[in-house]
1. Taking only C-alpha pairs under 8 Å that are 6+ residues apart, what is the relative contact order of the chain in percent?
2. Have a look at 117, 100, 22 and tell me which one the Gaussian network model of the chain (Cα, springs below 10 Å) gives the largest fluctuation.
3. Cα convex hull of the chain: mean projected area in nm², to one decimal?
4. Hey, rough spin-label estimate for residue 42 and residue 67, points 7 angstrom out along Cα→Cβ, what's it come to in nanometres?
5. Just from its helices, what would the mean residue ellipticity at 222 nm be for the chain, if runs of 4 or more DSSP H residues each count -39500 (n - 2.57) and the sum is divided by every residue, rounded to the nearest 500 deg cm²/dmol?
6. Which length gain, in nm to one decimal place, applies between residue 26 and residue 93 when the Cα-Cα distance is subtracted from 0.36 nm times their residue separation?
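What follows is calculated from the coordinates using simple rules that are stated; it is not laboratory data. Note that this is a predicted model, so its numbers are computed, not measured. Backbone-built Cβ (ideal geometry, glycine too); neighbour counts: all protein chains shown.
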């Protein structure tokens, strides 16, 4: 399974796009908390470098994972035990990175939390 941030204009603009085999679903990050298990951060560095140098945006980053839970009720408003934010914006840096700018492309995490504020992990979660 994989998930990415959907930036194509339309009804699912700025939603998480989850793909599992041939099924595709969209989830509004302002109304849910998505918890991913056994995850790996992926990045097509060639496309990301082009975007970083000024080209138009294109799909270049996603997260692969083994399992997930989506909370749509009041539970999504509770703070997960998040400590660290993982960032991705190929206009700023052409790779997944932490606040200090360190590259985490290809890194594996036991659990990731996707919220309206981004992608997070707890300090004990990296595999």
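1. After rounding, I find 27 percent.
2. 22
3. Mean projected area for the chain: 7.9 nm², to one decimal.
4. With each label placed 7 Å out from Cα toward Cβ, I get 2.1 nm.
5. -1500 deg cm²/dmol
6. Full-extension gain reported as 21.5 nm.
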